[in-house]
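Working notes for the structure below.
The values are calculated or read from the model by the stated rules, or taken from the named source; none is laboratory data. Just so it is clear, the structure is predicted and the values come from calculations on it, not from any experiment. Glycine also receives a Cβ, built like all others from the backbone with ideal geometry; neighbour counts cover every protein chain displayed. Keep in mind that these areas ignore ligands, DNA and RNA; they rest on the heavy atoms of the full protein, side chains included. Shrake-Rupley method; radii C 1.70, N 1.55, O 1.52, S 1.80 Å.
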Amino acid sequence: MTGHALAFNLRRCRDEKGLSQAEVAKRAGISRSVYQGIESGGKPPASGEIVARLASVLGVKTAELMTEVRPLKAVRFCQPL
């Protein structure tokens, strides 16, 4: 897992749920500044327990937060027959 993957996935999941950083932090029992540090990729989480609590708040599995998302290089559309 890279810090970048965790940060990207936290932001993506948080945006999908329509939550603010402060809301996620409060529900996970951490400070907003700690959450901001994790989501920005500048500060790794202090423990796996924090990642598990964040996953629970966001309604995803811990593995989803830690898995690097590969960007699409190209999308090809087929012509109808």
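Only helices enter the 222 nm calculation for the chain: every DSSP H run of n ≥ 4 contributes -39,500 (n - 2.57), and dividing by all residues gives -17000 deg cm²/dmol, rounded to 500. Would the stretch 1-45 count as rounded, prolate or oblate if I go by the C-alpha gyration tensor, calling it rounded below 1.5 in a/c and otherwise prolate when a/b exceeds b/c, oblate otherwise? Since a/c reaches 1.5 but b/c is at least a/b, the shape of the stretch 1-45 is classed as oblate.
Here the chain is assigned +1 on the Cβ of each Lys and Arg and -1 on the Cβ of each Asp and Glu. Its dipole about the Cα centre then comes out at about 100 debye. Ligands, DNA and RNA excluded, the heavy atoms of SER31 present near 50 Å² of accessible surface to a 1.4 Å solvent probe.
One decimal place: the segment ALA63-GLU16 gains 15.2 nm when fully extended, by the rule 0.36 nm per residue minus the C-alpha distance.
Taking the Cα atoms of the chain, the ratio Rg/Rh between the radius of gyration and the Kirkwood radius comes to 1.12.
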